[in-house]
Amino acid sequence: MREKKRYEYKPDYYVIPGETLQETIEYLNMTQSEFAKRMGMTEQSLVRIIKGEQPITQETAQKLELVTGTSNEFWMNLEAQYHKQKQLVDEHKKAELYSGWLKQLPVQELIKRKYINKVSDVVLQVREVLGLFRISSIETFDSAVTRMAAMARGSATYDTHPITAFTYIAMGLKDAERVAVEPYDRTKLKNVLHQVKAMTSELPEDFCTRIQSLFASAGVALVYVPQIKGVHLHGVSKWLSPTKAMIIMNIRGKGEDKFWFSLFHEASHLLLHSKRMLYIADSSPKDDEEREADKYAADFLIPESYNDRIVIAQNQQDIEAIAAELGIAPGIVVGRYHHLTGKWQAFTHLIRKLEWKNDTE
């Protein structure tokens, strides 16, 4: 049996409701003047409706039902379909502009990761992207990117790759919206961080979903979004509402020392800083809030009092002994050793690479 080809409907015209109204007037064998009088409106208003210069309102539709015998739902639906088709036709006239706009975005990556559907029609593809970004038109795109840049407070990644960074964050936002969480509780979040810290040493196979559940219990949607080309972020944190926050983490192929520090760093922003800002951890120069989040995360994982012992560690046993005492993964201690000594190649075999099994890439 031959497979039927599927064709997408591309409207190139629209019908003004007034044309149907004029046909109805003629069918009823009335003049426009007589029909207008029966409707209780001026003939000029009727002519404007017929020409599409004036909409059919709910009140007008109800009067049309009485005068023509055709339901008001019919006339309202006619008006709605007209506006819908007119919008599609107008959008298709901008196809060349839309095609150029799409080229600046990682559309294929978004399709591959199932954030948007693949559509051959350029206008409908644009609508898929706009839906992800939660904006109404490409004309509002630049201002949306600029607003988020202001919230990001000079992130190097956002400054150099604003559109790609905006897209990456939109991906995280879409994932976070689907995560059900309890109302935010600051005390619970602190307790969750202690539980997650203890989990780092054994690193259960399902650690990704387990820490997601723990964060959700404190009001934080933790989502994993592997990086896209041009965006090299360690993590992102943002408040979605007064009772729900979001943390975006890139987990694929990341060393555990960097991952855990980044996660606790982003959680620190939620505990310490403004609910109006967007916090991006990348290679940007540190401001006061970033330094404060760094210190909070560092001290939470490894108190500063351990630094003197860490810098003189001579072998794997020394690293593992400190890790056991702290109840954390040896790889985290190695990360601190690297930071303190600058000996970046030492003990690297103790740092596990984290992979998220649900990553569909």
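The values are calculated or read from the model by the stated rules, or taken from the named source; none is laboratory data. A quick note: this is a predicted structure, and the numbers were derived from the prediction, not measured. Reconstructed Cβ throughout: ideal geometry from the backbone, glycine too, with neighbour counts over all protein chains shown.
Of note:
- Any hit, segment 82-97, residues being in contact with a helix residue (DSSP H, G or I) (Cβ under 9 Å, 6 or more places away or on another chain) and closer than 26 Å to Thr160 by Cα: yes
- Qualifying residue in segment 150-163 (condition: of a type in the set (Asp, Glu) and part of a helix (DSSP H, G or I)): yes
- Flag if Ala321 is in contact (Cβ under 8 Å) with a residue 12 or more places away in the chain and outside the structural domain of Leu203 (by TED's automatic domain parsing): no
- Residue within segment 156-166 that is of a type in the set (A, V, I, L, M, F, W, C), under 20 Å from Lys238 (Cα atoms) and surrounded by fewer than 13 Cβ atoms within 10 Å (Cβ to Cβ) present: no
- Subset of segment 231-262 (residues that are closer than 23 Å to Ala150 by Cα and hydrophobic (A, V, I, L, M, F, W, C)): Val231, Leu233, Val236, Trp239, Leu240, Ala245, Met246, Ile247, Ile248, Met249
- Some residue of segment 114-123 being assigned to a helix (DSSP H, G or I) and at pLDDT below 95: yes
- Condition check for Asn77 on (1) surrounded by 15 or more Cβ atoms within 10 Å (Cβ to Cβ); (2) within 47 Å of the chain's Cα centre (by Cα); (3) of a type outside the set (Ser, Thr, Tyr): one failure, at (1).
- Residue that is surrounded by the most Cβ atoms within 10 Å (Cβ to Cβ) [pool: residues in segment 89-115 that are more than 17 Å from the chain's Cα centre (by Cα) and among the basic types (Lys, Arg)]: Lys94
- Residues that are surrounded by 15 or more Cβ atoms within 10 Å (Cβ to Cβ) and closer than 26 Å to Val107 by Cα, drawn from segment 167-197: Thr167, Tyr168, Ile169, Ala170, Met171, Gly172, Leu173, Lys174, Asp175, Ala176, Val179
- Residue in segment 131-146 that is free of Cβ contacts under 8 Å to residues at least 24 places away in the same chain, closer than 27 Å to Ile111 by Cα and of a type in the set (Lys, Arg) present: no
- Note on segment 26-103: enclosed helices (runs of 4 or more DSSP H) holding 3 or more residues that are closer than 30 Å to Ser136 by Cβ and of a type in the set (Gly, Ala, Ser) are 95-102.
- For segment 323-337, a tally of residues being farther than 16 Å from Ala297 by Cα and surrounded by fewer than 19 Cβ atoms within 10 Å (Cβ to Cβ) returns 2.
- Filter result (within 28 Å of Asp159 (Cβ to Cβ) and modelled with pLDDT of 90 or more) within segment 199-234: Val220, Ala221, Leu222, Val223, Tyr224, Val225
- Residue within segment 281-289 that is crowded, with 18+ Cβ neighbours inside 10 Å and at pLDDT 95 or above present: no
- Flag if Ala198 is in the same structural domain as Ile251 (by TED's automatic domain parsing), closer than 22 Å to Val129 by Cα and not aromatic (Phe, Trp, Tyr): no
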